[in-house]
Amino acid sequence: MVAIIEVNNLEKVFNGTIRAVDGVTFQVEEGEIFGFLGPNGAGKTTTISILTTLLKPTAGSATVMGLDVVKDANKVRKVIGLVPQELTVDDDLTGRENMMLQSILYNVPKKEAIERIEELIGLVKLEDAADRMVKTYSGGMRKRLELAEGLIHRPHVLFLDEPTLGLDVQTRAVMWDHIKNLKQKHNMTVFMTTHYLEEADSLCDRIGLIDYGKIMALDTPTTLKRSLGGDVLQIEVDGERDFIAVIQGVQGVVEIKREGPEYRVKVIKGETAMPLVLKALADNGGTVTSVSLERPNMDQVFLEYTGRSLRDAEQSGSMSKSQARAAAIQARRRQ
Ligand SMILES: Nc1ncnc2c1ncn2[C@@H]1O[C@H](COP(=O)(O)OP(=O)(O)OP(=O)(O)O)[C@@H](O)[C@H]1O
Ligand SMILES: [Mg+2]
């Protein structure tokens, strides 16, 4: 495995007091979708801004494809694409015109640009809207246009800052498909940020949980969830008899709590343990009246590592400018 992005003890302090990024170290491997998951103000955009050469770090270092983001900033810019959190497309141009403008900014020769624009418009499925003014686009269409723009110079590494912010669930899923496609077809390395738990879980190969400028945990979604100590079976057994000893004897059972007829059984792997536990109960005369399987989700993971739930952190934090804007776009669409 080759590290495409290497970050060492990165720090960014604003105005001498705000530690937006507070000693962050991580690597992103080639072809990986790597995500930063964290609430408003966690330091996600600041990190992306440093990695994409828009901001200089206060301390520490970072390289992209072996190029230093401070010393080799111009070279870094050529190999990366950025889809920023704030929408940058021009409302009074068509989608195609916006892309042409972007290709000029990146010095893509005209003939090549025309071909690539066609290909990218197809990739993000904007064929029918390409010649319409962007002000007539929905929020999801704008985001897809932004994605296409970030790809115009064929970057090796793509930075996506909140790629699905403010999009509805269906449009979000379409965006995930586009991102997965880029990885599969072009072996593109993707660094993205999100504060959507489900997005980090289903899209990212590895996730860094970021809170107050620090990485609190970093691993694959599966490993992070497993680290919480497995799945939980909720079982209700008829009658007064105690079945703790019976359940305890089953392979894969880690812990049991009983409250009256209800048993909370922590197991290594729910799907393997459930039939074994049910069989043990049946063999010992227990009548099961209900059973359910609870798997750890990313919110529980976030809570475990940061001491607060991401959903609560989001609600208590004020809405960022871009989130307010995304909410406004959504509200407009609903009218
Ligand atoms: N230019 C700046 N000057 C001063 N403070 C800043 C600046 N940019 C960011 N900050 C502060 O740094 C912290 C991290 O901000 P950042 O934008 O990186 O968070 P984020 O994780 O991207 O949040 P969001 O989910 O809202 O986009 C916040 O406290 C923010 O107020
Ligand atoms: Mg941000």
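A few notes on this one:
- For the stretch 187-286, the C-alpha radius of gyration sits at 1.48 times the compact-globule guess of 2.2 N^0.38 Å, with N the residue count.
- Summarised as an ellipsoid, the stretch 123-228 has semi-axes of 28, 15, 12 Å, derived from the eigenvalues of the Cα gyration tensor scaled by 5 and square-rooted, with the largest first.
- Per residue, the chain reaches -11500 deg cm²/dmol at 222 nm when only DSSP H runs of four or more residues are counted, each adding -39500 (n - 2.57).
- Note: the stretch 49-157, Cα convex hull, 100 Å³ per residue.
- A Förster distance of 22 Å, applied to the separation of the beta-carbon atoms of I268 and D238, puts the FRET efficiency at 0.25.
- Over the stretch 260-311, the reciprocal of the mean inverse Cα-Cα separation, the Kirkwood hydrodynamic radius, stands at 13.2 Å.
- Net charge of the neighbourhood of M99, taken over other residues with C-beta under 9 Å away and scored Lys/Arg +1, Asp/Glu -1, is 0.
- Amide H within-cut-off set for I210, under 5 Å, with H built and near neighbours excluded: L37, G38, M216
- Full-stretch length increase - L54, V2 - with 0.36 nm per residue and alpha-carbon distance subtracted: 16.2 nm
- Charge tally for L276 (other residues, Cβ to Cβ under 15 Å; Lys, Arg +1; Asp, Glu -1): 0.
- Assigned charges on the beta-carbon of Lys, Arg, Asp, Glu; the chain dipole about Cα centre (debye): 800 debye
- Counting all C-alpha pairs of the stretch 3-225, share separated by more than 31 Å (%): 19 percent
- In range of the label at E119: residues from the stretch 138-166 whose backbone nitrogen is under 17 Å from the point 7 Å along Cα→Cβ: 147-158
- Full-stretch length increase - E29, K279 - with 0.36 nm per residue and alpha-carbon distance subtracted: 85.6 nm
- Seen from every direction in turn and averaged, the convex hull around the alpha carbons of the stretch 229-294 projects onto 3.7 nm².
Every read-out reported here was derived from the displayed coordinates using simple, explicitly stated rules and does not represent laboratory data. On a predicted model such as this, the values are computed, not experimentally measured, just so you know. FYI the Cβ positions are ideal-geometry reconstructions off the backbone, even for glycines, and counts take in every protein chain you see.
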